Amino acid sequence: MTSRPRCIPEFPLLIERVNSFCRQESLKWNGWGFRDSKFEFDAEGSGMFKGDRYLLSGMLPNLRSFAESIEGFKVNDKLQGQGEIPSESLPKPVTNEGFFNEIRQSGMSFSLDGQDRLFRAHGHTLQEIFILRMGRFDRIPDIVIWPECHDDVVKVVEAADRHNVCMIPFGGGTSVTNGLECPKEETRMIVSLDMSQMNKVLWVDEKNMTAHIEAGIVGIDLEEKLGKYGLCTGHEPDSCEFSSLGGWVATRASGMKKNVYGNIEDMLVHVKMVTPKGVMEKNCQVPRMSTGPDIHHLILGSEGILGVITEVTLRVRPIPPCRRYGSVVFYNFDDGVDFMREVAKQRCAPASIRLMDNAQFKFGISLRPPPSSMWASLGDSFKKFYLTKLKGYDVDQLAILTLLFEGTAEEVAAQEKRVYKIASQFSWREENGQRGYMLTFAIAYLRDLALDHHCIAESFETTVPWDRVHDLCRNVKERIRQECKNHGVKNEPYLTCRVCQSSHSYESIENAARDEIIAHGGSLSHHHGVGKIRKKWMRSTISDTGYETLQSVKNSLDPNNVFGNKNLL
């Protein structure tokens, strides 16, 4: 049974957006991103990125040789996973007639369709994608509901509490912490509360430079709507095409340009959250309040266990008139880390600064397009000759750093002067880092290619003090190699590190890597959150007293465990 508006595109094809009711029509059901965008090898074995949405699109002549250099990657042997799972093979919905009747009478859009339910049953961890390709979920949501305003959410939460229903908020579906996974043992009706229809910018205050926004809006749409006022948030996580504002707040997200714009908590002025005990919010929207512990910090990072974030007020800024990219080549990874430390010390970091180790550098080379002309090919050859023969760089040791400068032309020129002056002590400067920066948006598609060809790929992140960066990167790589051997993995793992300013066997290996990170003073997470995948470390991370305090808040706001996704605790 389905009750929802007809799908009508809101934007022209050039800036086509995901249809929020029928997401599975434009997004992959068993992988990352758009259906028409993916890495693959053609019939002749040549690498390419299909689709025209990304700068990376087109033929990639070096991709095959790179893939063949990875042990276990089988270019000519594509793993055949299962086809799209038919609705009749999915778990039958559990129904709560009292709740269902209230929703039906409310006039809110809802769906009991199997594909709608399956699409909102998971995020994007390796485990979840593997299940989609090879197995079945034991439990998926029983109904999807699309509220259209804050008051709709209040009605749904009150009804769920009244009828003892479990609710899991759904934003963009990009969780990489098993945060959207339905608990197997949950016997109550599970509601996926899809926030995508709450996607409006409610008001913009150009005098105070704030904007009040519904929490279901996706990042790229938010920037487009603010752009009509000449404004932006500057919050640009790797997932900004798909992730939502409410999800950013719920996971304490960070973006690629945090050096200038801050993390989500730095942009937050006001937030409204609906809990089973009522609406939690402050009484005014001001830059700062000294009124005891900040309730915003109960909402930030709450990961859907306390309530539903419905509206957010953010600080906004004028769109920067000047944007310039750059890159810097280092003799080795350690030099790059030392350079970044000096930039931090002098407090002159540009909007984005990312250091890639040699393995990631080689991977980046494999994604270069064919030379546009004979002269471009000669230029690349000369550059390689200059770096290796005249400057003494070793292609098996060098590291590369990408830069993004934003601001007025004068500000950008001043930033470039300071940063490149520091770089001159360590490295050789490149002129254009745009392609390296933009690779971020396509790189998530690589895991699907790996899975297609008998490999698994995953990433995880942390924060660590500067004096432990070298040891952490080295020791975590070594720990992963050792754990792979311990678990009978025959092939050498391909491991890379990137430093930014500021299966059962796989799960065991990842857990060991996280133990190693924590042992070297790293954090449990910098920006992905905790979810279920990391919650076993929560008590040791925030102390017994901190853990029990968080549990007490949960019990007070949600005594019937309406928000029973079992994240964090």
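Observations
- For segment 117-261, radius of gyration divided by Kirkwood radius, i.e. Rg to Rh on alpha-carbons: 1.01
- When segment 430-469 is reduced to its Cα atoms, the Kirkwood hydrodynamic radius in Å: 12.9 Å
- Projection of the Cα convex hull of segment 418-569, averaged over all directions and equal to a quarter of that hull's surface, yields 13.3 nm².
- Over 20 Å (Cα to Cα) - which of 535/566; 155/277; 272/532 fall in this group: 272/532
- Expressed as a whole percent, the accessible surface of segment 20-158 that belongs to carbon and sulfur atoms is 47, based on a 1.4 Å probe.
- When the residues 203, 537 are ordered by accessible surface, computed with a 1.4 Å probe over the protein chains alone, the sequence from largest down reads 203, 537.
- Convex hull projection area averaged over all views, segment 474-560, Cα basis, nm²: 7.8 nm²
- Where the Cα pairs of segment 162-245 fall when distances are cut into 10 Å bins, in %: 16, 39, 26, 14, 5, 0
- Accessible solvent surface per residue of segment 446-569, calculated while the other protein chains remain in place, 1.4 angstrom probe, Å²: 49 Å²
- Within the assembled protein chains, the solvent-accessible surface assigned to residue 85 is about 10 Å², based on a 1.4 Å probe.
- Dimensions in Å of segment 182-291 - Rg and Dmax from alpha carbons: 15.5, 51
- Note on the chain: the alpha carbon radius of gyration divided by the globular reference 2.2 N^0.38 Å gives 0.98.
- Stokes-Einstein translational diffusion, segment 291-334 - Kirkwood Rh over all Cα pairs, 0.692 mPa s, 37 °C, in µm²/s: 208 µm²/s
- Solvent exposure, largest accessible area first (probe 1.4 Å, DNA, RNA and ligands not counted), of 459, 352: 459, 352
- Taking trypsin sites (Lys or Arg not before Pro) across segment 249-355, the ones in a DSSP loop with at most 11 further Cβ atoms lying within 10 angstrom of their Cβ are 288, 347.
The values are calculated or read from the model by the stated rules, or taken from the named source; none is laboratory data. Computed from a predicted structure; not experimentally measured. Every residue, glycine as well, gets a Cβ built from its backbone with ideal geometry; the counts of neighbours run over all protein chains shown. Each accessible area value is taken on the protein alone, full model and side chains, heavy atoms only, with ligands, DNA and RNA left out. Shrake-Rupley method; radii C 1.70, N 1.55, O 1.52, S 1.80 Å.
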